[in-house]
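S.K.: Sharing a structure with you now.
The values are calculated or read from the model by the stated rules, or taken from the named source; none is laboratory data. In this text, all values refer to a predicted model and were calculated from it rather than measured experimentally. Cβ: placed from backbone, ideal geometry, glycine included. Neighbour counts: every protein chain shown.
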Amino acid sequence: MTGQLPDPGIAGLLDGSVPPGIYRLPVTESAARTVELATDAGWRAARLRLDKVGDKAAFLDKCATDLGFPGWFGHNWDALADCLMDFSWWRKDGEPQGYLLLAEDWDTFRKSTPEDARMAETIFQDAIDFWTEQGTPLAVLLV
């Protein structure tokens, strides 16, 4: 499900030559610089900081906080899927070229609660597939 970001890397993801998906951010790239590049390319980008997140409840709380989910977010897997497939809460300045989520400290989260990490990846992939069908890419980069 998750792979290395193929050449030409971030630039290829942002220009559409690399398909949307769940990728690992190359170690040569920083999350801050990646957000800057995405923003410059007209994408909406957000950093999901998962340090010290060790269970489902904490993961969903961080999603709500770091991604700025709307008040109707129900803090469960279905609500996460709903928020990731309805970006009306995120489109404040019109339609972006795409959406980019950077899940930082992913490996720490995955090691502490592998079942929850697998569920989150499934939801990420479902949202990526949904947005691909809509013609607006969504990519998730695991840092």
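S.K.: Quick one: in segment 103-143, of everything that is within 18 Å of Pro19 (Cβ to Cβ) and aliphatic (A, V, I, L, M), which residue is surrounded by the fewest Cβ atoms within 10 Å (Cβ to Cβ)?
M.R.: Ile128
S.K.: Being surrounded by 15 or more Cβ atoms within 10 Å (Cβ to Cβ), in contact with a Phe, Trp or Tyr (Cβ under 7 Å, 6 or more places away or on another chain), farther than 15 Å from Leu13 by Cβ and not basic (Lys, Arg), is that true of even one residue in segment 30-48?
M.R.: No, there is no match, as no residue in segment 30-48 is surrounded by 15 or more Cβ atoms within 10 Å (Cβ to Cβ), in contact with a Phe, Trp or Tyr (Cβ under 7 Å, 6 or more places away or on another chain), farther than 15 Å from Leu13 by Cβ and not basic (Lys, Arg).
S.K.: Still on this structure: With the requirement that a residue be in contact with a helix residue (DSSP H, G or I) (Cβ under 9 Å, 6 or more places away or on another chain) and either exposed (fewer than 13 other Cβ atoms within 10 Å of the Cβ) or touching a residue at least 60 places away in the same chain (Cβ under 8 Å) (or both), what does segment 49-63 give you?
M.R.: Those that are in contact with a helix residue (DSSP H, G or I) (Cβ under 9 Å, 6 or more places away or on another chain) and either exposed (fewer than 13 other Cβ atoms within 10 Å of the Cβ) or touching a residue at least 60 places away in the same chain (Cβ under 8 Å) (or both): Asp51, Lys52, Asp55, Lys56, Phe59.
S.K.: Within segment 85-102, work out how many residues are of a type outside the set (Gly, Ala, Ser) and either in a loop (DSSP other than H, G, I, E, B) or exposed (fewer than 15 other Cβ atoms within 10 Å of the Cβ) (or both).
M.R.: Result for segment 85-102: 9.
S.K.: When you go through Asp82, Asp66, Asp7, Asp78 one by one, which is the residue that is at pLDDT below 95, out of contact with any Phe, Trp or Tyr (no Cβ under 7 Å at 6 or more places or on another chain) and either of a type outside the set (Lys, Arg) or in a loop (DSSP other than H, G, I, E, B) (or both)?
M.R.: None of the others qualify; the one that does is Asp7.
S.K.: Name the single residue that is modelled with the highest pLDDT among those in segment 19-29 being surrounded by fewer than 16 Cβ atoms within 10 Å (Cβ to Cβ) and touching a strand residue (DSSP E or B) at 6+ places or on another chain (Cβ under 8 Å).
M.R.: Arg24
S.K.: How many residues are touching a residue at least 60 places away in the same chain (Cβ under 8 Å), small (Gly, Ala, Ser) and more than 21 Å from Phe130 (Cα to Cα) if we restrict to segment 7-48?
M.R.: Matching residues across segment 7-48 total 1.
S.K.: On to the next question. One residue is enough: does segment 112-129 have a residue meeting the conditions more than 18 Å from Thr39 (Cα to Cα), of a type in the set (Gly, Ala, Ser), part of a loop (DSSP other than H, G, I, E, B) and free of Cβ contacts under 8 Å to residues at least 24 places away in the same chain?
M.R.: No: segment 112-129 contains no residue that is more than 18 Å from Thr39 (Cα to Cα), of a type in the set (Gly, Ala, Ser), part of a loop (DSSP other than H, G, I, E, B) and free of Cβ contacts under 8 Å to residues at least 24 places away in the same chain.
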